[in-house]
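Okay, so here's the structure we're looking at.
The values are calculated or read from the model by the stated rules, or taken from the named source; none is laboratory data. All figures in this text were calculated on a predicted structure; none of them were measured in a lab. Positions of Cβ are backbone-derived with ideal geometry, glycine not excepted, and every protein chain shown enters the neighbour counts. Areas reflect the complete protein model, heavy atoms only, side chains present, ligands, DNA and RNA absent. Shrake-Rupley method; radii C 1.70, N 1.55, O 1.52, S 1.80 Å.
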Amino acid sequence: MNLAAPFQYSFMIEALLVSALVGTVCAILSCYLILKGWALMGDAVSHAVLPGVVGAYVLGIPLAVGAFIAGLTCAISTGWIKANSRIKEDTVMGIVFTGMFALGLVMFTQIKTDAHLNHILFGNILGIERDDLWATVIVSIATLLILLPLRKDLLLYCFDPAHARSLGLNTNRLHYLLLSVLAATIVASLQAVGILLVVAMLVTPGCTARLLTDRFDHMLIVAVVVTVLASCTGVYISFFINGATGACIVIAQALLFSLALVFAPKHGLIANKRSLR
Amino acid sequence: MPERLSIEVTDVTAVYANGHIALRNASFKLGPGTICALVGVNGSGKSTLFKTIMGFVRPAKGTVRIAGGTVEEARRQKIVAYVPQTEEVDWSFPVSVWDVVMMGRYGHMNFLRIPRAEDRRIVSESLDRVGMTEFKERQIGELSGGQKKRVFLARALAQRGQIILLDEPFTGVDVQTESAIIDLLRELRDEGHIMLVSTHNLGSVPEFCDQVVLVNRTILAAGPTETVFTEENLSLAFGGVLRQFHFDESTIQDHDGRTVKLLTDDERPLVFGKDGHLEYKDRLGREHLVKEREKEGRD
Ligand SMILES: Nc1ncnc2c1ncn2[C@@H]1O[C@H](COP(=O)(O)OP(=O)(O)OP(=O)(O)O)[C@@H](O)[C@H]1O
Ligand SMILES: [Mg+2]
């Protein structure tokens, strides 16, 4: 087996670069999601994009647009139902996203699919098409351009929304901005890991980083490093086993998380044991 | 600085979403260089009044004017800083004491929120003023309850608001920290700030507040401490629920004279003289009162 073989193919180089880019976006967003307690929201929105993707396919518009609209619809209608009924948010979310996902599945089976739509469910970065590649790159960069300048405002919003408001920050706008960025990030990750596994990209990086540091700035950096490493490892390994790239990336993420869980210097299991003694 | 610093609450009625009227027809006015105590029983509407002044609760009737402008204008001009009764934050959040106090400066930074040397100076000065400098690197959850309170006080100081609203800053704070905070408030008063402080610690009110607002779902009385903080008004506000110690009904005898010692564990005692006069802890600086009382004694 030639370990350098993957690097001889331009599609592999592209896949590595794109997955590193997508991983960076996911990693940064994930730090906010886990601190805001929005892990379930990530799961919900990612499932809810399915009817949007299929609908966009039928209408012949870019899949990313359909996915984005459906994802945002899920998030916003969840907020609306919660505000106008007595049901708790997580419960509402459970109803809305499963409903939308089921609708997507029915649409999915009703139309003549090609392999293309299958990729949306499971991701297929090694066989990614030109249009989708560019859509992924553009959405990722746009998301980064929104997240990075606003990272401190978003941090304050997640930490203490009342104080953010008293300082004159528009917390409503930040709320919807974070939701939109979530939907956009999911759109960007679809090609890499697929609908079913996106939530792993939205939750694991932040959790791993959280175990390793107590400073938010460091958390962002650690999350990005860990995720880029996991993404590239996943793509690299999937070349040899010939497929399931998304799953390989997610397994790599989970392994790195387990390592952090056990060996993290301050919050790891071993450190906890030691401090108990 | 705004032309003339003031808080004007006029005929405010505050209603919560569930229809509960927490405050009815409340009116009072504060000018610059004031420490005003906000006193009332649990549920009397103290926190509600703060939230109304902050614009978090919109008055169903009446107006709040700050420095002559609306609440929104005051927010834009960064006039008001607010320390809520309880911080509803996730204490495991990965931010340090320094980071939290720096958040108080966000309003003064550009949109990228990059701190300048000035911001760092103010943050470190604010931490110093509440005695939390040595904890600045700590993660926010690794502090005691009183230390957490001090950090959020420092954040309010770092905002450099001309008006500071403190909702029960002394609850769960030790005696030493309490007097440090009181000294700090006095300094700020001398600099011309307005401070509105809610407290259940009645004994300390005459010691550092020059104005008092008594609330019980409306404003019962508002004005200078000497005239408003009377036994009569307090029984109106508390309806006889205050603990009392009547010297003439106690085992204390005449020969004990005035050498009786009063100890309390966390709250300062509030002492009224024979005719319901407010009595102070220190004679120092209140020589005129001592003289007056003496004269009354002779009459
Ligand atoms: N979010 C809310 N929704 C509905 N009612 C509320 C809400 N917050 C407070 N209240 C009610 O409004 C009244 C005034 O509450 P507030 O918090 O202003 O009291 P307080 O004077 O600050 O009391 P404490 O001394 O206990 O802090 C209470 O009867 C309370 O039950
Ligand atoms: Mg209160």
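If B:Ser44 passes every condition in (1) surrounded by fewer than 21 Cβ atoms within 10 Å (Cβ to Cβ); (2) within 13 Å of ligand 1 (Cβ to nearest atom) but one, which one does it miss?
(1)
Which condition does B:Lys149 not pass, out of (1) open to solvent by 20 Å² or more (accessible area, probe 1.4 Å); (2) within 16 Å of ligand 2 (Cβ to nearest atom); (3) under 29 Å from B:Asp11 (Cβ atoms), if it passes all the others?
(3)
Which residues, taken from the stretch A:153-186, are within 11 Å of chain B (Cβ to nearest Cβ) and among the small types (Gly, Ala, Ser)?
A:Ala162, A:Ala164, A:Ser166, A:Gly168
For residues that are more than 14 Å from chain A (Cβ to nearest Cβ) and either among the acidic types (Asp, Glu) or within 15 Å of ligand 1 (Cβ to nearest atom) (or both), scanning just the stretch B:47-63, find the one that is nearest to B:Val228 (Cα to Cα).
Our first condition is that a residue be more than 14 Å from chain A (Cβ to nearest Cβ); within the stretch B:47-63, this holds for B:48-49, B:59-63.
With either among the acidic types (Asp, Glu) or within 15 Å of ligand 1 (Cβ to nearest atom) (or both) added as a condition, the list becomes B:48-49, B:59-60.
On the way: B:Thr48: 21, B:Leu49: 19, B:Pro59: 26, B:Ala60: 27 Å.
Among residues in the stretch B:47-63 that are more than 14 Å from chain A (Cβ to nearest Cβ) and either among the acidic types (Asp, Glu) or within 15 Å of ligand 1 (Cβ to nearest atom) (or both), the one nearest to B:Val228 (Cα to Cα) is B:Leu49.
Just name the residue that is farthest from A:Ile270 (Cα to Cα) out of those in the stretch A:206-244 that are touching a Pro at 6+ places or on another chain (Cβ under 7 Å) and part of a helix (DSSP H, G or I).
A:Phe239
I'm trying to understand the selection: among the residues of the stretch B:281-299, which are of a type outside the set (D, E, K, R) and open to solvent by 80 Å² or more (accessible area, probe 1.4 Å)?
Answer for the stretch B:281-299, where residues must be of a type outside the set (D, E, K, R) and open to solvent by 80 Å² or more (accessible area, probe 1.4 Å): B:Leu284, B:His288.
Which of the residues that make up the stretch B:1-13 are crowded, with 22+ Cβ neighbours inside 10 Å and within 15 Å of ligand 1 (Cβ to nearest atom)?
B:Val9, B:Val12, listed by residue number.
Within the stretch A:110-205, considering only helices (runs of 4 or more DSSP H) that don't extend past its boundaries, which have at least 1 residues that are crowded, with 21+ Cβ neighbours inside 10 Å and among the charged types (D, E, K, R)?
So the answer is A:130-147, A:151-159.
Scan A:Leu59, A:Leu63, A:Leu16, A:Leu50 and give me the residue that is touching a Cys at 6+ places or on another chain (Cβ under 7 Å) and at pLDDT below 95. Break it down into steps so the answer makes sense when it comes.
Values: A:Leu59 fails: touching a Cys at 6+ places or on another chain (Cβ under 7 Å); A:Leu63 fails: touching a Cys at 6+ places or on another chain (Cβ under 7 Å); A:Leu50 fails: touching a Cys at 6+ places or on another chain (Cβ under 7 Å).
Of A:Leu59, A:Leu63, A:Leu16, A:Leu50, the one residue that is touching a Cys at 6+ places or on another chain (Cβ under 7 Å) and at pLDDT below 95 is A:Leu16.
Looking at the stretch A:256-277 only, could you name the residues that are touching a residue at least 24 places away in the same chain (Cβ under 8 Å) and not in a loop (DSSP other than H, G, I, E, B)?
A:Leu256, A:Phe257, A:Ala260, A:Leu261
One residue is enough: does the stretch A:74-96 have a residue meeting the conditions within 14 Å of another protein chain (Cβ to nearest Cβ), within 30 Å of B:Ile114 (Cβ to Cβ) and either modelled with pLDDT of 90 or more or open to solvent by 30 Å² or more (accessible area, probe 1.4 Å) (or both)?
The answer is no, given that none of the residues of the stretch A:74-96 is within 14 Å of another protein chain (Cβ to nearest Cβ), within 30 Å of B:Ile114 (Cβ to Cβ) and either modelled with pLDDT of 90 or more or open to solvent by 30 Å² or more (accessible area, probe 1.4 Å) (or both).
What number of residues in the stretch B:53-92 are among the hydroxyl-bearing types (Ser, Thr, Tyr) and either under 30 Å from B:Arg138 (Cβ atoms) or part of a helix (DSSP H, G or I) (or both)?
Going residue by residue through the stretch B:53-92, those that are among the hydroxyl-bearing types (Ser, Thr, Tyr) are B:63, B:70, B:82, B:86, B:92.
Remaining after also requiring either under 30 Å from B:Arg138 (Cβ atoms) or part of a helix (DSSP H, G or I) (or both): B:82, B:86, B:92.
Matching residues across the stretch B:53-92 total 3.
A:Phe240 - would you say it is surrounded by fewer than 23 Cβ atoms within 10 Å (Cβ to Cβ), within 21 Å of A:Phe11 (Cβ to Cβ), in contact (Cβ under 8 Å) with a residue 12 or more places away in the chain and away from chain B (no Cβ under 14 Å)?
yes
Out of B:Val228, B:Val271, I need the residue that is touching a strand residue (DSSP E or B) at 6+ places or on another chain (Cβ under 7 Å), among the hydrophobic types (A, V, I, L, M, F, W, C) and buried (at least 16 other Cβ atoms within 10 Å of the Cβ). Which one?
Of the residues listed, the single one that is touching a strand residue (DSSP E or B) at 6+ places or on another chain (Cβ under 7 Å), among the hydrophobic types (A, V, I, L, M, F, W, C) and buried (at least 16 other Cβ atoms within 10 Å of the Cβ) is B:Val228.
Which one of B:Glu125, B:Glu134, B:Glu118, B:Glu87 is within 16 Å of ligand 1 (Cβ to nearest atom) and either more than 10 Å from every other protein chain (Cβ to nearest Cβ) or open to solvent by less than 40 Å² (accessible area, probe 1.4 Å) (or both)?
Step by step, each of B:Glu125, B:Glu134, B:Glu118, B:Glu87 is checked, and only B:Glu87 is within 16 Å of ligand 1 (Cβ to nearest atom) and either more than 10 Å from every other protein chain (Cβ to nearest Cβ) or open to solvent by less than 40 Å² (accessible area, probe 1.4 Å) (or both).
Taking the stretch B:47-84, which residues are in contact with an Asp or Glu (Cβ under 8 Å, 6 or more places away or on another chain), open to solvent by 10 Å² or more (accessible area, probe 1.4 Å) and away from ligand 2 (no atom under 13 Å from the Cβ)?
Across the stretch B:47-84, the qualifying residues are B:Gly55, B:Lys61, B:Gly62, B:Thr63, B:Val64, B:Arg65, B:Ala67, B:Gly68.
Answer yes if at least one residue in the stretch B:94-110 is at the interface with another protein chain (Cβ under 7 Å from one of its Cβ atoms), over 27 Å from the mean Cα position of the chain (by Cα) and among the aromatic types (Phe, Trp, Tyr), and no otherwise.
no
Which residue pairs have Cβ atoms closer than 7 Å, lie 6 or more positions apart in sequence or on different chains, and pair a first residue in the stretch B:152-174 that is over 20 Å from B:Arg268 (Cβ atoms) with a second residue that is modelled with pLDDT of 90 or more and of a type in the set (Ser, Thr, Tyr)?
Cβ pairs passing all conditions: B:Ala154/B:Ser126; B:Ala156/B:Tyr82; B:Leu157/B:Ser126; B:Ala158/B:Ser126; B:Leu165/B:Tyr82.
Are there any pairs with C-beta distances below 6 angstrom linking a residue in the stretch B:182-204 that is under 22 Å from B:Ile53 (Cα atoms) and open to solvent by less than 10 Å² (accessible area, probe 1.4 Å) to a residue that is of a type outside the set (A, V, I, L, M, F, W, C) and within 16 Å of ligand 1 (Cβ to nearest atom), with the two at least 6 apart or on different chains, and if so which?
Listed pairs, sorted by first residue: B:Ser198/B:Lys46; B:Ser198/B:Asp167; B:Ser198/B:Glu168.
Tell me, yes or no, whether the stretch B:205-215 has at least one residue that is more than 16 Å from ligand 1 (Cβ to nearest atom), within 14 Å of another protein chain (Cβ to nearest Cβ) and open to solvent by 10 Å² or more (accessible area, probe 1.4 Å). Reasoning before the result, please.
Start the filter on the stretch B:205-215 by keeping residues that are more than 16 Å from ligand 1 (Cβ to nearest atom), which leaves B:206-211.
Those still in the list that are within 14 Å of another protein chain (Cβ to nearest Cβ) too: none.
The answer is no; no qualifying residue exists.
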